[in-house]
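This report concerns only the one structure given below.
The values are calculated or read from the model by the stated rules, or taken from the named source; none is laboratory data. Model, not experiment: these values are computed from the prediction. No Cβ is skipped: glycine too gets one built from the backbone with ideal geometry, and neighbour counts run over all protein chains shown.
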Amino acid sequence: MFQTLKNAWRVEDLRKKILYTLFIVFIFRLGSAIPAPFVDFHALEQVFNATVAGGSMLSLINVFTGGSLASATIFAMGISPYINASIILQLLCVAIPALERIVKEGGEEGKKKINAWTRYLAVVLGLVQGTAYYMMISSWGILTETSWWAGVIIVLTFTAGTALIMWLGERITENGIGNGISIILFAGIISRGPQLAMALWSQLTSGGLGIVLGILMVVIGLAMVIMIVYMSNAERRIPIQYAKRVVGRKMYGGQSTHLPIKVNAVGVLPIIFASSILALPATIGMFMDTPAEGSLGAIVLGLFQQTSPFYIVLYAILIFAFSYFYASIQFNPIEISNNLKQNGGFIPGFRPGRPTAEFITKALSKVLFIGAIFLCVVALVPLIVGAFSTSLKNVAIGGTSVVIVVGVALETVQQLEAQLMMRHHKGFLE
């Protein structure tokens, strides 16, 4: 990876792209430090850390925004409204045939329409989330101005921040390196690295965390990163053979290729879906009075604590369910089989049509099972570590964040390698 970055830096065009991407990331981090008007952000950080539960949806958004939510900066909503809007549009394109036709038959114009609708929906979701967050911090009594006009300005500031982040992400995609939205998300998560390192060092120096446990935690973290890198690149390759056909005096086809099915084909979305659903009870509990000990409300909230066995088991079940659900949206074995048949391709040992579709379905199910186990391990190891040791509860890095960071880093390096190969390929004219 470092050699790829070194080689890319030597190419003037790529060097400009890298510097442009870093400049946009700098603007994003600068905006993450500018507080919204009429908010006492020092008091907010103290109340937020003391009030927001570790398993709530707000804590998850705070991780994705690099801590901006806890400080109520202009980028407090982060990129999460855009991610939610993108997921909603993907699901609607499957559920509504008219939207599916726009994507499949509209070509480039259809994609532009869906992207535009995603932006509009992201702004609407940003407005809704900003209003809900304003109502919550207003109830905490940390606003310096409580008039309705101040509330409108605060909500519009949060919404404008979301729109600006979307624009910054698009600028990276067009003029920089990598996917802009992923780079913004990567920058927000990685910015919390020094804070986590300081928390771990504080635990070691204060005696709250033994040296053996500290070393064990670092080893587990490195092992998770290595496993994520390996599984992100792992894939099942189904051999494809194309039949020979004669067109005029020329013969076409006859070559062999493969159909790749990535082990982690669904990415981190099953973890995000599962964690968002399980965060609802803790989030609702934040807006209610603390239930009495032994009451039904206290029992329910206790079950949905991140360190409870019920939470961990249910988390694993939901990850498996969403992995298969999202894969069924992304992959259509019947459509793949029909495309192979139309282009004269077939899987050796299987007849074109239904037998090919059934084989692809079985192969996809086996690969998805391994991928779901991988996501469960990555997501549950930090929770299990925190359940066995309360001193490690606050310094364990969430599996979702690790998968996103490593995945974005690998994707960006692969794009750099592709750009380098394209610029160094001499071609057949030289």
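All of VAL378, VAL367 fail the test of being under 20 Å from GLU235 (Cα atoms) and in contact with a strand residue (DSSP E or B) (Cβ under 6 Å, 6 or more places away or on another chain), apart from VAL367.
Tallying residues that are surrounded by 15 or more Cβ atoms within 10 Å (Cβ to Cβ), over 24 Å from the mean Cα position of the chain (by Cα) and not in a helix (DSSP H, G or I) within region 35-52 yields 5.
A quick yes/no check of all residues on (1) modelled with pLDDT under 85; (2) acidic (Asp, Glu); (3) part of a loop (DSSP other than H, G, I, E, B):
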{"position": "LEU222", "(1), (2), (3)": "yes, no, no"}
{"position": "VAL225", "(1), (2), (3)": "yes, no, no"}
{"position": "ILE240", "(1), (2), (3)": "no, no, no"}
{"position": "GLY254", "(1), (2), (3)": "yes, no, yes"}
{"position": "ILE271", "(1), (2), (3)": "yes, no, no"}
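Checked against the criterion of being in a helix (DSSP H, G or I) and over 30 Å from PRO239 (Cα atoms), the candidates ALA321, ALA298, ALA327 yield just one match: ALA298. What about SER323, is it at pLDDT 80 or above, under 29 Å from SER80 (Cβ atoms) and crowded, with 16+ Cβ neighbours inside 10 Å? Spelling it out, SER323 is indeed at pLDDT 80 or above, under 29 Å from SER80 (Cβ atoms) and crowded, with 16+ Cβ neighbours inside 10 Å. Taken over region 84-111, the criterion of being out of contact with any helix residue (DSSP H, G or I) (no Cβ under 8 Å at 6 or more places or on another chain), on the phi < 0 side of the Ramachandran plot and in a helix (DSSP H, G or I) is satisfied by ALA95, PRO97, ALA98, ARG101, GLU105, GLU108, GLU109. Do you know which residues across region 217-245 are farther than 30 Å from ALA197 by Cα and without any contact (Cβ under 8 Å) to a residue 12 or more places away in the chain? LYS244, the sole residue that qualifies. Criterion applied to GLY178, GLY161 was being under 24 Å from PHE23 (Cβ atoms), at pLDDT below 85 and not assigned by TED's automatic domain parsing to the domain that holds GLY353, and the one residue passing it is GLY178.
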